[in-house]
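Written out below as structure tokens is the structure these notes cover.
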Amino acid sequence: MSDVEVITACENVCRDFSWLENFIPQLASAAPIFAVIWGIFVFYEQRKRDRNDALRKTRQELYLAFLEIADQKHSSTPDGILGQMLLLTKFQGKFTLNCPKEVLVKSAEYIKLVGREHLDGVALDGLKRKPSRSEFDKYFAYQQKIAHSRKELLDAMRRDALQGSDVELELNY
């Protein structure tokens, strides 16, 4: 039989990883460089996150202001709806600069429907007589379109404003 050198498991590991003795001091001397690189990366990631949070807060404020104006009942005079429409359309520019495309498109659809209600003669606000059945049906159908458009707009705003939070994004109502 041949002579076999018997070694312990500890000695075997020490032989297999003896190269670490030279590598660890070099790694330790490079640690400050890695720390600086990591710090720069974290700094820019945090700035990006802070910018996104500030923009999200701005959008939330825009959404609230838009909804306050949209919820106001305009007077039955043409200037009332015109004034409200002008205020709502001013938000389109702010939405263009700050909001995702989905909110921009849904808000434009909603504003268009609200304005068209009066331009198409569907509104019953200024009517001096009792509306006919066909006028009422047309008005009710149009109100359903507006309500559906508003729900889609609110859903888009909610998805944008609450993205990344623990709040459920979709509403089932």
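Just so you know, all these numbers are worked out from the coordinates, no wet-lab data involved. Being a predicted model, the structure only gives us computed values, none of them experimental. Neighbour counts run over all protein chains shown; Cβ positions are idealised from the backbone, glycine included.
Taking 7 Å steps out from each Cα toward its Cβ at Leu154 and Val42 produces label points 4.2 nm apart.
Highest mean packing comes first when the peptides 101-111, 43-53, 62-72 are listed by Cβ atoms within 10 Å, giving 101-111, 62-72, 43-53. Full extension of the chain segment joining Leu55 with Leu97 gains 14.1 nm, where the gain is 0.36 nm per residue of separation less the Cα-Cα distance. Shown is the FRET efficiency for Leu87 and Ile33, computed with R0 = 41 Å from the Cβ-Cβ distance and rounded to the nearest 0.05: 0.15. Label positions at Arg15 and Arg116, each projected 7 Å from the Cα along the C-beta direction, are separated by 8.5 nm. Model label points for Thr8 and Ser134, set 7 angstrom from Cα along the Cα-to-Cβ axis, are 10.3 nm apart.
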